[in-house]
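Take a look at the structure below.
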Amino acid sequence: MQRSRIVGTGTYLPERVVTNDDLSQQMGINTSDAWIRERTGIGSRRIAAPGEATSDMATAASRNALDMAGIRADELDLIICGTVTADMPFPAAACFVQAKLGANKAAAFDVSAACAGSLFALSIADQYLKSGAAQKVLVLGAELLTRVTDWSDRSTCVLFGDAAGAMVMVPETRPERGLLSTHLHTDGSQTSILNIPGGGSLSPYGPEVHEHRGQFIKMNGREVYKHAVRNMAASARAALEANGLTPDDVAWVIGHQANLRILEGVSERVAIPMERFFLNVDRYGNTSSASVPTALDEAIEQKKLREGDILLFTALGGGLAWASALVRW
């Protein structure tokens, strides 16, 4: 049976580092490093430079992934970008990436699944590769969330950072290797607990949107936490069961780096100790769809992964949309 596998990864992080102490001084409200760390596990985040766009970050991450894979951009058949912060409402951020890379043969489009975007994109790429419709696919998660963050809202502005992550995928014919399965889920009845309410066809940009700061991320943190822990854990268990594996078989969990407390809740429910969760949320914050591919890339860079390791991916974002995937490395 033909599967797909990841043969290259790459990351781009903006140069500017903003610590919790920096935020406390800039925000001028009762926010301290201890308050942020206790609730989120986050110590710092990256913020893109003025004029830097989502596609710029995605292109830089892509070049790193292509270099690792030993594949030229003009060999790509498909570029899929998970993002909710594209350069503009249309065309897709992936179109800009295609042009900047010179990937002239590749079809390119975006996937909007918020923080689960890179796993939704991974699943789509997997289907193209398994069917033989594509041979070389670039999967991206790229977000410039600090431009849609309300810096007067302490409950959200401490969470988010900017980043891009890339994965190059090709067919895999070895039995039981590569991407074993993906699992996608949505609960559209929960759209109200995490969204950007302004700027779409329902509430076009105008004075009322700006008056209510509707152009920024709105989140019911308590509800998101509850759904994230329950659904990420359930999807992770479903991935293991689908492949006849147990939590003890998992070498590493590459989870969405939303909040350390969420990951701790998932760890408890899935019965995989936190020592096997790869973490970078303390340094980069919640980078939405970029968090899974950047965490994977960093785990590779740190030589954490061994051939044959079982990797469990899991993420949840606005929609609500959540996903899991299982890989034998």
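The values are calculated or read from the model by the stated rules, or taken from the named source; none is laboratory data. What you see is a predicted model; the values in this text were computed from it and never measured. Neighbour counts are summed over all protein chains in view; Cβ atoms, including those assigned to glycine, are modelled from backbone coordinates with ideal geometry. Areas reflect the complete protein model, heavy atoms only, side chains present, ligands, DNA and RNA absent. Shrake-Rupley method; radii C 1.70, N 1.55, O 1.52, S 1.80 Å.
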### Query
Within region 10-17, can one find any residue that is aliphatic (A, V, I, L, M), closer than 30 Å to R328 by Cβ and under 23 Å from the mean Cα position of the chain (by Cα)?
yes
### Query
If you go through region 279-316 one residue at a time, how many are without any contact (Cβ under 8 Å) to a residue 12 or more places away in the chain and hydroxyl-bearing (S, T, Y)?
0
### Query
In the list A290, A234, which residue meets the criterion of being modelled with pLDDT of 95 or more and within 21 Å of V7 (Cα to Cα)?
A290
### Query
Among the listed residues T11, T40, T31, which satisfies the condition of being in contact (Cβ under 8 Å) with a residue 24 or more places away in the chain and in contact with a strand residue (DSSP E or B) (Cβ under 6 Å, 6 or more places away or on another chain)?
T11
### Message
Restricting to region 161-194, give me the number of residues that are open to solvent by less than 60 Å² (accessible area, probe 1.4 Å), farther than 22 Å from S62 by Cβ and in contact with a helix residue (DSSP H, G or I) (Cβ under 9 Å, 6 or more places away or on another chain).
### Response
7
### Summary
Of the residues in region 87-133, those that are part of a helix (DSSP H, G or I), touching a helix residue (DSSP H, G or I) at 6+ places or on another chain (Cβ under 9 Å), of a type outside the set (K, R) and open to solvent by 10 Å² or more (accessible area, probe 1.4 Å) come to C95, F96, Q98, A99, L101, A114, C115, F120
### Task
Could you tell me whether region 217-225 includes any residue that is surrounded by 20 or more Cβ atoms within 10 Å (Cβ to Cβ), in contact with a strand residue (DSSP E or B) (Cβ under 7 Å, 6 or more places away or on another chain), of a type in the set (V, I, T) and part of a helix (DSSP H, G or I)?
yes
### Query
For region 74-86, which residues satisfy the criterion of being within 22 Å of K130 (Cα to Cα) and open to solvent by 20 Å² or more (accessible area, probe 1.4 Å)?
D74, E75, D77
#### Entry: Number of the condition not met by S235 [criteria: (1) over 25 Å from P175 (Cα atoms); (2) open to solvent by less than 10 Å² (accessible area, probe 1.4 Å)]
(1)
#### Entry: Unmet criterion (only one of (1) loosely packed, with under 15 Cβ neighbours inside 10 Å; (2) modelled with pLDDT of 95 or more; (3) within 24 Å of W35 (Cβ to Cβ)) for R213
(2)
